[in-house]
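The values are calculated or read from the model by the stated rules, or taken from the named source; none is laboratory data. All values derive from a computational prediction rather than experimental measurement. Neighbour counts run over all protein chains shown; Cβ positions are idealised from the backbone, glycine included.
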Amino acid sequence: MKTSDFHYELPEALIAQTPIEPRDHSRLLVYNRADRSVTHLHFYDLPRFLRAGDALVLNETKVIPARLLGEKEGTGVPVEILLLRRETRDVWEALVRPGRRLLPGTFCRFGGGLLRAEILSSLASGGRMVRFHYRGVFETLLDELGQMPLPPYIHEHLVDQTRYQTVYAKAEGSAAAPTAGLHFTPALLDGIRAMGVQVVPILLHVGLGTFRPVKVQNLDEHVMHVEQYEVTPEAAQRINGARAGGGRIVCVGTTSVRTLETVADDQGMLSPGKGETGIFITPGYRYRAVDALLTNFHLPESTLLMLVSALMGREEALRVYGIAVSQQYRFFSFGDAMLIL
């Protein structure tokens, strides 16, 4: 398949710039694969489509203030470093800007020198390996000097930085939020648990693999960047128990999907573990662990839209996206949600 097979026209006005308040008042498009029906509701209506015995799988990763703005030592040229993945205590994989000026051996400084970054090597992905030099605690300095790494299509200033975190975010390490989870409130989750639905946390730290654009026309040539995941023994046991009991596995977000599909066997049963995944899901893929997906509306020609198309079918996905555009749904990270049953 070709990247252009996943193109659709989106008016710029539909790209959400700010989150809806309250969180669960965003709109919800419900698509039923059995009869191809489309229903227009709100996110707080989600419990109507869940039932006792289901497992609702959440990614509990937490976004770090991964965007550092500073200067190149010796020249004062403005630089930007976006942290993607921690390799060791002080060594990170990162994106840098301007790339042509930040070659191995270069030093950058942030906060007047409170934090210094040494460019160690260039990567095939276009990123860099970076070693940080500092006194004190790195996380404390990052909280002081770093910024929340909002996507480039969001131009409005985010007043409340917690709105780019899910209410259940726990494990720090992501360079972007698992945005399908932004719609949940504690009260909504409590109500879902009270129905007898298992709410199960797993972990995938969101990095370049999730939001990197596809730059090749032939999808067979695209290589996904790896991201770190963990499925605990308790999480695997609870999800496997739900499946064995006849419940559905409902994933919140594409990151949860990619994690479960990484650790599932051919019968859809999960093995606990931690590691790295570079799974790339496109139409023709047979889902093993996922029965339903709750997700936002994704960029044209993105790996996320391809994953959704693998579940719905490409033509159906584009048809439903066309409906969402015509109905003025809000798109991307701060936009509305879709439930695929």
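Looking only at the stretch 167-189, decide whether some residue is modelled with pLDDT under 90, part of a helix (DSSP H, G or I) and under 30 Å from Glu87 (Cα atoms). No, the stretch 167-189 contains no residue that is modelled with pLDDT under 90, part of a helix (DSSP H, G or I) and under 30 Å from Glu87 (Cα atoms).
With the requirement that a residue be polar (S, T, N, Q) and closer than 22 Å to Phe334 by Cβ, what does the stretch 1-40 give you?
The answer is Gln17, Thr18, Ser26.
Part of a loop (DSSP other than H, G, I, E, B), among the β-branched types (Val, Ile, Thr), surrounded by 16 or more Cβ atoms within 10 Å (Cβ to Cβ) and out of contact with any Phe, Trp or Tyr (no Cβ under 6 Å at 6 or more places or on another chain): does that describe Ile192? Considered against the rule, which asks whether it is part of a loop (DSSP other than H, G, I, E, B), among the β-branched types (Val, Ile, Thr), surrounded by 16 or more Cβ atoms within 10 Å (Cβ to Cβ) and out of contact with any Phe, Trp or Tyr (no Cβ under 6 Å at 6 or more places or on another chain), Ile192 comes out as no. For Glu9, the criteria (1) exposed (fewer than 15 other Cβ atoms within 10 Å of the Cβ); (2) acidic (Asp, Glu); (3) closer than 21 Å to Tyr164 by Cβ; (4) in contact with a helix residue (DSSP H, G or I) (Cβ under 8 Å, 6 or more places away or on another chain) hold in every case but one, which is (3).
Picking from residues in the stretch 120-149 that are free of Cβ contacts under 8 Å to residues at least 60 places away in the same chain and part of a loop (DSSP other than H, G, I, E, B), the one that is surrounded by the most Cβ atoms within 10 Å (Cβ to Cβ) is Leu123.
One residue is enough: does the stretch 164-182 have a residue meeting the conditions hydroxyl-bearing (Ser, Thr, Tyr), under 30 Å from Leu294 (Cα atoms), out of contact with any Leu (no Cβ under 7 Å at 6 or more places or on another chain) and in contact (Cβ under 8 Å) with a residue 60 or more places away in the chain?
yes
For the stretch 83-105, the criterion of being within 15 Å of Leu339 (Cβ to Cβ) and either of a type outside the set (Val, Ile, Thr) or not assigned by TED's automatic domain parsing to the domain that holds Glu276 (or both) is met by none of the residues. The combined condition, being hydrophobic (A, V, I, L, M, F, W, C), under 25 Å from Ile202 (Cβ atoms) and either touching a strand residue (DSSP E or B) at 6+ places or on another chain (Cβ under 8 Å) or surrounded by fewer than 19 Cβ atoms within 10 Å (Cβ to Cβ) (or both), is fulfilled by Ala176. Considering Tyr321, Tyr329, the condition of being within 30 Å of His25 (Cα to Cα) and in contact with a Lys or Arg (Cβ under 8 Å, 6 or more places away or on another chain) is satisfied by Tyr329 alone.
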